[in-house]
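Peer 1: Starting off with a structure, shown below.
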2 protein chains.
Amino acid sequence: MIKTDVLLNIKNCLKEKDIKVTPQRLEVYKALMNYDTHLSVEEIFNKVRENNPSVSLGTIYAILANFRDNGLVKEVKIDSERSFFEMQRDTHQHFLCYDCKNIYDVDFSKFSCFEHKSIDGHKIDDFHGYFYGICKNCSKKKAKQ
Amino acid sequence: MIKTDVLLNIKNCLKEKDIKVTPQRLEVYKALMNYDTHLSVEEIFNKVRENNPSVSLGTIYAILANFRDNGLVKEVKIDSERSFFEMQRDTHQHFLCYDCKNIYDVDFSKFSCFEHKSIDGHKIDDFHGYFYGICKNCSKKKAKQ
DNA sequence: CTTGACAACAAGAATCATTCCTATATAATA
DNA sequence: TATTATATAGGAATGATTCTTGTTGTCAAG
């Protein structure tokens, strides 16, 4: 069964990092995997609750911090109001629209300037690139007015 | 007098943006100008209090939001615990050390990839680049151990 | 210079995302 | 299956930021 294979993969992924396998952790992992984009903590909480109604919000935060510290997920802090998390995938950056507050995934990796491993003698482990402005859709709306 | 000139410059700078000139705003502006790097809201609050002991923290937040929305200062959100502000100067990015929590100004502008004005049809007004890792000093300390 | 309208301010309460605390439940291991 | 350490649920605590209200100050017109 395919579904079993996926579960096995997730479990192995956790075990490799010495993360104890729990139903809550599997649900958080699956939620992030299924959507393949950034989700807010509350969105993750609600998705996990669908399968595990008694889960606690504090647990979601603890699991996400654990995953982040183990390099499984990346925290997106483009909007100071809310925190987002996403699977650690290919390098990309985020664009926040001042108007509609939507966050778009954008990719500047082709410019290769994000591949540097150090600057001024400081060792770079991670990079977050946040772009701000007016998105395509909101520009169109404004043009029509 | 030089000091008067500086004050006049700040006042003109505010008037150009239709920002009403008040003692509190002048103090916030001077604090940021004098240090020429990012300051936390609390640091700004304390510096303003030296000259105006009755100033309120809420006022500092309001002034910084006003300055930010008028493009006079830039908000630095590299550390989710604290907010920083700095004068809108030359383009640069920030580096947060995981160990000592210091924030360093770094400059990747020579790579020219931060000069793009749009991506995927979204109009770019601002860019924040946050680098994370271990700084020069902490690397040295670890090597000695 | 005085005055009036309206914005800015001080003080402190309220908000809300996130973290902390503790007793209970559960996963991993022998 | 028993043991031990860790994870979780539930709820309280934290703390940066925002909001509210009555007062004060700015600035422009007279």
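Rule-based calculations on the coordinates, nothing more; no lab input. Model, not experiment: these values are computed from the prediction. Here Cβ is always computed from backbone atoms with ideal geometry, including for glycine, and neighbour counts include all displayed protein chains.
Peer 1: Could you work out the mean projected area of the convex hull around the alpha carbons of chain A, in square nanometres to one decimal?
Peer 2: Computing the convex hull of the Cα atoms and averaging its projections yields 12.2 nm².
Peer 1: Here is a further query. If contacts are Cα pairs under 8 angstrom and at least 6 residues apart, what is the relative contact order of the stretch A:2-87 in percent?
Peer 2: 29 percent
Peer 1: Also, quick follow-up: Does the stretch B:14-85 come out rounded, prolate or oblate, given a ≥ b ≥ c as the square roots of the eigenvalues of its C-alpha gyration tensor, rounded meaning a/c under 1.5 and, failing that, prolate meaning a/b above b/c?
Peer 2: Details: a/c = 1.63, a/b = 1.13, b/c = 1.44.
The shape class here is oblate.
Peer 1: Using alpha carbons only, how many degrees (0 to 90, rounded to 10) separate the axis of helix A:23-35 from the longest principal axis of chain A?
Peer 2: Approximately 30 degrees, to the nearest ten.
Peer 1: Further question on the same structure: Taking the Cα centre of chain B as the origin, how large is its charge dipole in debye, to the nearest 20, when only Lys and Arg (+1) and Asp and Glu (-1) carry charge on their Cβ atoms?
Peer 2: Working: 23 positive and 21 negative charges, 83 e Å.
In debye, rounded to 20, chain B gives about 400.
Peer 1: In percent, how large is the relative contact order of chain A, given Cα pairs closer than 8 Å and 6 or more residues apart? Intermediate values should be presented prior to the final figure.
Peer 2: Details: 147 pairs, mean separation 24.7, N = 145.
Normalised by residue count, the contact order of chain A is 17 percent.
Peer 1: When DSSP beta bridges are limited to those with both residues in chain A, what percentage is antiparallel, rounded to the nearest 5?
Peer 2: Working: 12 of 16 bridges.
Close to 75 percent.
Peer 1: Still on this structure: Summing Lys, Arg as +1 and Asp, Glu as -1, what charge do residues with Cβ under 10 Å from the Cβ of residue B:128 carry, residue B:128 excluded? Numbers along the way, then the final one.
Peer 2: On the way: positive: A:77, B:74, B:77; negative: B:75, B:126.
In short, +1.
Peer 1: Let me ask something else. What are the nm distances, shortest first, from residue A:105 to its equivalents in the other copies, labels at 7 Å along Cα→Cβ?
Peer 2: Shortest to longest, the spacings are 3.5 nm.
Peer 1: Could you work out the helix-only [θ] at 222 nm for chain A, with each DSSP H run of four or more residues adding -39,500 (n - 2.57) and the total divided by the number of residues, to the nearest 500 deg cm²/dmol?
Peer 2: -13000 deg cm²/dmol
Peer 1: Here's something else I'd like to know. How far is it, in nm, from the label point at residue B:81 to the one at residue A:88 when both lie 7 Å from their Cα along the line to the Cβ?
Peer 2: That separation, rounded to one decimal, is 2.2 nm.
Peer 1: Please give me the summed charge of the neighbours of residue B:79: other residues whose Cβ is under 11 Å from its Cβ, Lys and Arg +1, Asp and Glu -1. Working shown, then result.
Peer 2: Numbers: positive: A:77, B:77, B:82, B:101; negative: B:81.
It works out to a net charge of +3.
Peer 1: With a point put 7 Å past each Cα toward its Cβ, work out how far residue A:117 is from residue B:34 in nm, to one decimal.
Peer 2: Placing both labels 7 Å along Cα→Cβ, they lie 4.3 nm apart.
Peer 1: Convert 20 °C to kelvin, take the viscosity as 1.002 mPa s, use the Kirkwood radius over C-alpha pairs of the protein assembly as shown as Rh, and evaluate the Stokes-Einstein diffusion coefficient in µm²/s, rounded to a whole number.
Peer 2: Diffusion coefficient, whole number: 98 µm²/s.
Peer 1: Distances in nm, one decimal, shortest first, from residue A:35 to the same residue in every other copy, taking the label point 7 angstrom along Cα→Cβ.
Peer 2: Here the equivalent label points are 3.6 nm apart from this one.
Peer 1: Taking one equal scatterer on every alpha-carbon of the stretch B:93-144, how large is log10 of I(q)/I(0) by Debye at q = 0.14, 0.15, 0.17 1/Å?
Peer 2: Debye curve over Cα of the stretch B:93-144, log10 I(q)/I(0) at q = 0.14, 0.15, 0.17 Å⁻¹: -0.50, -0.55, -0.64.
Peer 1: To the nearest 20 debye, what charge dipole does the protein assembly as shown have about its Cα centre, counting +1 at the Cβ of each Lys and Arg and -1 at the Cβ of each Asp and Glu?
Peer 2: 80 debye
Peer 1: Over the stretch B:23-65, what relative contact order in percent results from Cα pairs under 8 Å that are six or more residues apart?
Peer 2: Reported relative contact order: 46 percent.
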